[in-house]
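Peer 1: Got a structure here, written out as structure tokens. Questions coming.
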Amino acid sequence: MSFTVAIDGPAASGKGTISRAIAQHFGFAHLDTGLLYRAVGKKTLTHGDSPEIATKLAQDLTPHDLNADDLRTAEVAQAASRIAVIPAVRTALVEFQKTFAKQPGGAVLDGRDIGTVICPDADVKLFVTASAQVRARRRFAELSTKDASLTPEQVLADIKLRDARDADRDVAPMIAATDAHEIDTSNMKIAEAIAAVIAIIEAAKSS
């Protein structure tokens, strides 16, 4: 019997860390759906990002592509955000995500449209968020060790640009599902956020 947890939210909100912890705690499979878009976005940096090229790259994506070492760079993140607004790219990646969500034993998927588009019937839906300033500090701490040229101001600007692009796109915009539990991690320690989510899932599993 499958049990699906959909976790959405903006960049650096903590949803990835929470998702991995939840998957480990409950023994669920985990998919960071953003890696699908990052993997395609990375390929567009070499092959071009026209809608036609990006769609073909999405159609040809393999699980191996998700294991690349450099999918977490700021450049790849921006490329992923650009191609994520292309409807045909999203269509090409939707079925992979829907199939993953139905696997026996349970699954956790995190992204930006999981609870609204990919898994609208998920057993538990969460929207994890935090202020742009807090998220920018987290992302700068992560990325500055790999790119010394980055500045806090640049990371904050990138965060705001991604937020606007993700929220304003015509297809599957980043919004909280009407029945999602919202977790604001701005002033929470990660252990507190994980504990809160575990309690929500436990309640759903026992109901």
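Computed from the coordinates by the stated procedures, all read-outs in this text should not be read as laboratory data. Just so you know, these numbers come straight off a predicted model, no measurement behind them. Heads up, the Cβs are rebuilt from the backbone with ideal geometry, glycines too, and the neighbour counts pull from every protein chain shown.
Peer 1: With respect to Ala141, is the statement that it is over 23 Å from Ala203 (Cα atoms) and over 13 Å from the mean Cα position of the chain (by Cα) true?
Peer 2: Yes: the conditions hold for Ala141.
Peer 1: Would you say Ala107 is more than 30 Å from Glu202 (Cα to Cα), touching a residue at least 24 places away in the same chain (Cβ under 8 Å), buried (at least 16 other Cβ atoms within 10 Å of the Cβ) and touching a helix residue (DSSP H, G or I) at 6+ places or on another chain (Cβ under 6 Å)?
Peer 2: Considered against the rule, which asks whether it is more than 30 Å from Glu202 (Cα to Cα), touching a residue at least 24 places away in the same chain (Cβ under 8 Å), buried (at least 16 other Cβ atoms within 10 Å of the Cβ) and touching a helix residue (DSSP H, G or I) at 6+ places or on another chain (Cβ under 6 Å), Ala107 comes out as no.
Peer 1: Is there any pair with a first residue in the stretch 152-177 that is within 19 Å of Gln133 (Cα to Cα) and a second that is surrounded by 15 or more Cβ atoms within 10 Å (Cβ to Cβ) and of a type in the set (Ser, Thr, Tyr) whose Cβ atoms are under 9 Å apart and which are 6 or more apart or on different chains, and what are they?
Peer 2: Sorted first by the residue in the stretch 152-177, then by its partner, the pairs are Leu161/Ser81; Arg162/Ser81; Arg165/Ser81; Asp166/Ser81; Met174/Thr116.
Peer 1: Next up: I need a count of the residues in the stretch 13-25 that are surrounded by 19 or more Cβ atoms within 10 Å (Cβ to Cβ) and either part of a loop (DSSP other than H, G, I, E, B) or more than 18 Å from the chain's Cα centre (by Cα) (or both).
Peer 2: Selection size over the stretch 13-25: 2.
Peer 1: Sort out for me the helices (runs of 4 or more DSSP H) sitting completely within the stretch 114-207 that have 3 or more residues that are more than 19 Å from Ala12 (Cα to Cα).
Peer 2: 190-206
Peer 1: If you don't mind, another one. Do you know which residues across the stretch 58-74 are acidic (Asp, Glu), out of contact with any helix residue (DSSP H, G or I) (no Cβ under 7 Å at 6 or more places or on another chain) and under 21 Å from Ala141 (Cα atoms)?
Peer 2: If the condition is that a residue be acidic (Asp, Glu), out of contact with any helix residue (DSSP H, G or I) (no Cβ under 7 Å at 6 or more places or on another chain) and under 21 Å from Ala141 (Cα atoms), then Asp69 is the only one that fits.
Peer 1: Still on this structure: Among the residues of the stretch 26-48, which ones are under 11 Å from the mean Cα position of the chain (by Cα) and within 26 Å of Lys160 (Cβ to Cβ)?
Peer 2: Once the filter is applied, which keeps residues that are under 11 Å from the mean Cα position of the chain (by Cα) and within 26 Å of Lys160 (Cβ to Cβ), the stretch 26-48 yields Asp32, Thr33, Gly34, Leu35, Leu36, Tyr37, Arg38.
Peer 1: May I pose another question? Which residues, taken from the stretch 180-192, are surrounded by fewer than 15 Cβ atoms within 10 Å (Cβ to Cβ) and free of Cβ contacts under 8 Å to residues at least 60 places away in the same chain?
Peer 2: Correct list: Glu182, Ser186, Asn187, Lys189, Ala191, Glu192.
Peer 1: Which of the residues belonging to the stretch 1-49 are among the basic types (Lys, Arg) and either within 28 Å of Ala195 (Cα to Cα) or touching a residue at least 60 places away in the same chain (Cβ under 8 Å) (or both)?
Peer 2: Residues satisfying the conditions are Lys15, Arg20.
Peer 1: A further question on this structure: May I ask you to say which residue of Leu93, Leu71, Leu36, Leu57 is touching a Lys or Arg at 6+ places or on another chain (Cβ under 9 Å), of a type in the set (A, V, I, L, M) and in a helix (DSSP H, G or I)?
Peer 2: Just a single option satisfies the conditions, and that option is Leu57.
Results for (1) in contact with a His (Cβ under 8 Å, 6 or more places away or on another chain); (2) in contact (Cβ under 8 Å) with a residue 40 or more places away in the chain; (3) surrounded by fewer than 20 Cβ atoms within 10 Å (Cβ to Cβ), shown as yes or no for each residue.
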| site | (1), (2), (3) |
| --- | --- |
| Val76 | no, no, no |
| Val85 | no, yes, yes |
| Val94 | no, no, yes |
| Gly115 | no, yes, no |
| Arg135 | no, yes, no |
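Peer 1: Now for a different question. Identify, from the list Ser131, Ser149, Ser186, the residue that is of a type in the set (Gly, Ala, Ser) and more than 19 Å from the chain's Cα centre (by Cα).
Peer 2: Going through Ser131, Ser149, Ser186 in turn, just one is of a type in the set (Gly, Ala, Ser) and more than 19 Å from the chain's Cα centre (by Cα): Ser149.
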